[in-house]
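Structure first, then comments.
The values are calculated or read from the model by the stated rules, or taken from the named source; none is laboratory data. Small disclaimer: the values here were computed from a predicted structure and weren't measured. Reconstructed Cβ throughout: ideal geometry from the backbone, glycine too, with neighbour counts over all protein chains shown. These accessible areas exclude ligands, DNA and RNA; they are computed on the full protein's heavy atoms, side chains included. Shrake-Rupley method; radii C 1.70, N 1.55, O 1.52, S 1.80 Å.
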Amino acid sequence: MPTAAATAAPGSASAGPASTPPTRFAVPGRIAVSNRAAALWQTATLTEIRRETPAVSTFRFAVPCWAGHLPGQHLMLRLTAGDGYTAQRHYSLASPPDDAGHIELTLDHVEGGEVSGWFHTEARPGDEVEVRGPLSGFFAWPGDRPALLVGAGSGVVPLMSMIRHRRAAGLDVPLRLLVSARGPEELIHAAEYGAETTAVFTRRAPEGVPVGRLSAAHVAPLLAERPAGGWEAYVCGSNAFAEHASRLLVEAGQPVDRIRIERFG
Amino acid sequence: MNVTRGFTGRPRVHNPGLPPGQYDAGDDWPVLSAEVTPDLTPADWTFRIDGLVAEPRSWDWDEAHTLPASAYEGDIHCVTSWSKFGVRFAGVSLDAFLDVVRPDASATHAVAYSHSGYTTNLPLADLTDGRAWIAWEYDGKPLPAEHGGPARLLVPHLYFWKSAKWIAGLRLLDHDEPGFWEQNGYHARGNPWEEQRYSGD
Ligand SMILES: Cc1cc2nc3c(=O)[nH]c(=O)nc-3n(C[C@H](O)[C@H](O)[C@H](O)COP(=O)(O)OP(=O)(O)OC[C@H]3O[C@@H](n4cnc5c(N)ncnc54)[C@H](O)[C@@H]3O)c2cc1C
């Protein structure tokens, strides 16, 4: 079970501790995360590598003392060289919370990348790396409210954890995914998408599917569905994508304080 | 030490300016903010200091620009582990604002808050004596919106989440009060040289 407790309060920016000043744009509700788990480095043993697309693979690890996480959270991963040099990067958790003692990360092979490069060219089952987490409850989705997910490239990874969680837990709270990829062969986790997903292809698309970037026309029908209580929007991807997608959501009427963004840098 | 099999890392020269666990992002300046970039023009921007001060007050864009200009040239460090060397910001030293409002002797901490609803806490000692700025220029140009423009707090000796983008004000307190990321498990102070990333570090 995740140790992270959901204590989200929407638009609570001004309702927090007594002296926190009121502000013009409210930040969405927060989720308290276990700080103890985040402070500890643990050994994660690679057990399996699965290819997703030509440039993306999923890495499955055994982490026996993993405290659990909420879909959408990430961790910090550390590699150590023989001379003591370390490289640390953040990665979103791709797996749902109830994968006891195991976690999965889905990594894009970044050209010239130090950490993703090691994973894609060197790593093999049995290798050990270090992780700490889960981190940052802000982008997490406990499965409580209708969720509108918008991702591009590896930005779909934390959103996939949400979809998997919803399925595994048999939740019927509304959830929709808009996912953007350059072409069908670059769509990560493609085999797992169902009726909740609309794929947008920016360079190459199958016969009869339009090519073009995420637009107001993709967002409008989803916002028009308006589930009871409205959508909680989760946007994830590169900064350029996050800026574009969050602007489309705001223009389509999604309240600014109900858009959470995870930028991969 | 847990050496990772087959990992050598990128060829590197020892850089004494690089805090532990950080890497040099070079020309990149990653953007990391959890909220929608606010549509904030200089005409909408205001900055206020209140709480434990003799004379609370607000400045608008033009009023803030009448204070003496001050620049920072040096390095910045993000908790996500990139550092950026030799950056140039221009704006006004926070000391110039604090001189006007005159902090009470009882003030020990501040909560910085932004026009987007973000908050972060800082010891007052980290904001005084030429260690903090309100910055509106980067590299000789207006600070881009995604990096906190029109104006952000700049506290370069702490991890960069303390340098609140779209800064709206500071409230001075006689106690520490966790802000947005600090409530989400991040360290209360965030000194990169001590590698104070998460609560418990
Ligand atoms: C919250 C969060 C979650 C994330 N989740 C994921 C995820 O689920 N999946 C995922 O794939 N990514 C994710 N990322 C991105 C991830 O953290 C890394 O940034 C990414 O894997 C690249 O790291 P790297 O070490 O491979 O590349 P780096 O070595 O950091 O290089 C990045 C880029 O800089 C260039 N570069 C920098 N320095 C040099 C140099 N000296 N020489 C040559 N080239 C250089 C590289 O060529 C490359 O283009 C996430 C990021 C954040 C902040």
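Overview of values
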{"read-out": "Accessible area per residue in Å² at 1.4 Å probe, computed on segment B:44-194", "value": "34 Å²"}
{"read-out": "Assigned charges on the beta-carbon of Lys, Arg, Asp, Glu; the protein assembly as shown dipole about Cα centre (debye)", "value": "840 debye"}
{"read-out": "Value in Å of the Kirkwood radius, where chain B supplies the Cα pairs that are averaged", "value": "17.5 Å"}
{"read-out": "For segment B:31-61, residues shielded by at least 40 square angstrom of accessible area compared with the chain on its own, probe 1.4 Å", "value": "B:31, B:34, B:36, B:37"}
{"read-out": "Largest-first principal axis extents, alpha carbons of segment A:28-135, Å", "value": "38, 33, 28"}
{"read-out": "Stokes-Einstein D for segment B:1-75, Kirkwood Rh over Cα pairs, 4 °C, 1.567 mPa s (µm²/s)", "value": "71 µm²/s"}
{"read-out": "Dipole in debye (nearest 20) - segment B:44-194, about Cα centre, beta carbon charges: Lys, Arg +1; Asp, Glu -1", "value": "320 debye"}
{"read-out": "Surface accessible to a 1.4 Å probe, residue A:49 within the full protein complex, Å²", "value": "70 Å²"}
{"read-out": "Helical contribution to [θ] at 222 nm, DSSP H n ≥ 4, -39,500 (n - 2.57), averaged over chain B, rounded to 500", "value": "-2000 deg cm²/dmol"}
{"read-out": "Lys/Arg +1, Asp/Glu -1 at C-beta; segment B:75-151 dipole; positive extreme among B:113, B:87, B:145", "value": "B:145"}
{"read-out": "List of segment A:129-170 residues, accessible area with partners at least 20 Å² below that of the chain alone (1.4 Å probe)", "value": "A:130, A:132, A:135, A:136, A:138"}
{"read-out": "Inter-chain Cβ neighbour average for residues B:8-15, partner chain, 10 Å", "value": "4"}
{"read-out": "Relative counts (whole %) of C-alpha pair distances in the protein assembly as shown, using bins that are 10 Å wide", "value": "4, 20, 30, 27, 15, 4, 0, 0"}
{"read-out": "Solvent accessible area, Å² - residue A:167, 1.4 Å probe, full protein context", "value": "110 Å²"}
{"read-out": "Interface burial for B against A (accessible surface, 1.4 Å probe, total of both chains, Å², rounded to 100)", "value": "4500 Å²"}
{"read-out": "Accessible-area order (highest first, 1.4 angstrom probe) of the listed residues B:194, B:137", "value": "B:194, B:137"}
{"read-out": "Other protein chain Cβ atoms within 10 Å, averaged over every residue that makes up A:79-91", "value": "6"}
{"read-out": "Cβ crowding within 10 Å averaged over residues, with A:188-199, A:135-146, B:112-123 ranked highest first", "value": "B:112-123, A:135-146, A:188-199"}
{"read-out": "Amide hydrogen neighbours beyond the local backbone of residue A:263, cut-off 5 Å, H modeled", "value": "B:33"}
{"read-out": "Heavy-atom surface of chain A, accessible at 1.4 Å and reported per residue (Å²)", "value": "39 Å²"}
{"read-out": "Protection proxy ranking of B:175-182, A:106-113 - average other beta-carbon atoms within 10 Å, highest first", "value": "B:175-182, A:106-113"}
{"read-out": "Residue A:162 accessible area, assembled protein chains, probe 1.4 Å, Å²", "value": "0 Å²"}
{"read-out": "Averaged over A:69-78, number of beta-carbon atoms from partner chains that fall within 10 Å", "value": "1"}
{"read-out": "Percent accessible area from carbon and sulfur atoms, the protein assembly as shown, protein chains only, probe 1.4 Å", "value": "52 percent"}
{"read-out": "Global size of chain A as Cα Rg and Dmax, reported in angstrom", "value": "18.5, 58"}
{"read-out": "Dipole of chain A, positive end: most advanced residue of A:220, A:189, A:47 [Cβ charges, Cα centre]", "value": "A:220"}
{"read-out": "Value in Å of the Kirkwood radius, where segment A:86-240 supplies the Cα pairs that are averaged", "value": "17.0 Å"}
{"read-out": "Residues of segment B:182-198 buried by at least 40 Å² on assembly (accessible area, 1.4 Å probe, chain alone as reference)", "value": "B:183, B:184, B:198"}
{"read-out": "Net charge, residue A:99 excluded, C-beta distance under 15 Å - Lys, Arg +1, Asp, Glu -1", "value": "+1"}
{"read-out": "Largest to smallest accessible area among A:41, B:193, B:45 [probe 1.4 Å]", "value": "B:193, A:41, B:45"}
{"read-out": "Under-5 Å amide H pairs with residue B:132, H placed in peptide plane, nonlocal only", "value": "B:94, B:95"}
